[in-house]
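Participant: Pasting in a structure now, in structure tokens, and then I'll have a few things to ask.
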Amino acid sequence: FYEMIRLALVETEKRLIKTGIATADVREYLNGCRLILSARMVSRLGVARPLKNCIALNARLLEMYPEETLTIIAHEVCHLLAFRLHGDRGHGKPWRNLMVALGFEPRRYHTLDVSKLRRLRGYTATGR
């Protein structure tokens, strides 16, 4: 599992270098990035927190769909870089351009089945 994540990070870095995006500043910035594996996330595959220089990944979905690991990591790294290089915090043109440059379709949403991950904590109509 961890090796799969490591390989996806290495591949993302290779693509950044190949495209010329990985300047010394960008590499230093990404080397300081924290990666968190969350077992609490339900429907999100990942989330980038540019102000904290951090990426959180849904560990349970990565275990269920390991083939998505590279795309998820690249998606979140592009968020960090879109903010760092262009001040863009969403799925705007800078993020889309970075995704395309790295060879990925700039998708905002996934279509993976997350029904097994839903936490069934809730209340009945009577509040019990």
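Participant: How many residues, within the stretch 81-94, are surrounded by fewer than 22 Cβ atoms within 10 Å (Cβ to Cβ) and either part of a helix (DSSP H, G or I) or at positive phi (or both)? Break it down into steps so the answer makes sense when it comes.
Facilitator: So the first thing to find is which residues in the stretch 81-94 are surrounded by fewer than 22 Cβ atoms within 10 Å (Cβ to Cβ), and the list is 83-94.
From what is left, the residues that are either part of a helix (DSSP H, G or I) or at positive phi (or both) are 83-87, 93-94.
Qualifying residue count, the stretch 81-94: 7.
Participant: Being touching a residue at least 40 places away in the same chain (Cβ under 8 Å) and under 13 Å from W95 (Cα atoms) is the filter here; which residues of the stretch 64-80 pass it?
Facilitator: The answer is A74, V77, L80.
Participant: Right, next: Report, by residue number, each residue of the stretch 95-119 that is open to solvent by less than 60 Å² (accessible area, probe 1.4 Å) and either over 18 Å from V10 (Cα atoms) or of a type in the set (S, T, Y) (or both).
Facilitator: W95, P106, H110, L112, V114, L117
Participant: Looking at the stretch 42-53, can you tell me whether even one residue there is surrounded by fewer than 15 Cβ atoms within 10 Å (Cβ to Cβ) and in contact (Cβ under 8 Å) with a residue 60 or more places away in the chain?
Facilitator: Yes, the stretch 42-53 has at least one match.
Participant: Here is a list: E68, E63, E13. Which entry is of a type outside the set (S, T, Y), closer than 19 Å to T111 by Cβ and open to solvent by 60 Å² or more (accessible area, probe 1.4 Å)?
Facilitator: On the way: E68 fails: open to solvent by 60 Å² or more (accessible area, probe 1.4 Å); E13 fails: closer than 19 Å to T111 by Cβ.
Answer to the selection: E63.
The values are calculated or read from the model by the stated rules, or taken from the named source; none is laboratory data. Predicted model only: the values in this text are computed from it and were never measured. Here the Cβ is made from the backbone with ideal geometry for all residues, glycine too, and neighbour counts use every protein chain on show. For the accessible areas, the whole protein counts, side chains as well, though only heavy atoms, and no ligand, DNA or RNA atoms are used. Shrake-Rupley method; radii C 1.70, N 1.55, O 1.52, S 1.80 Å.
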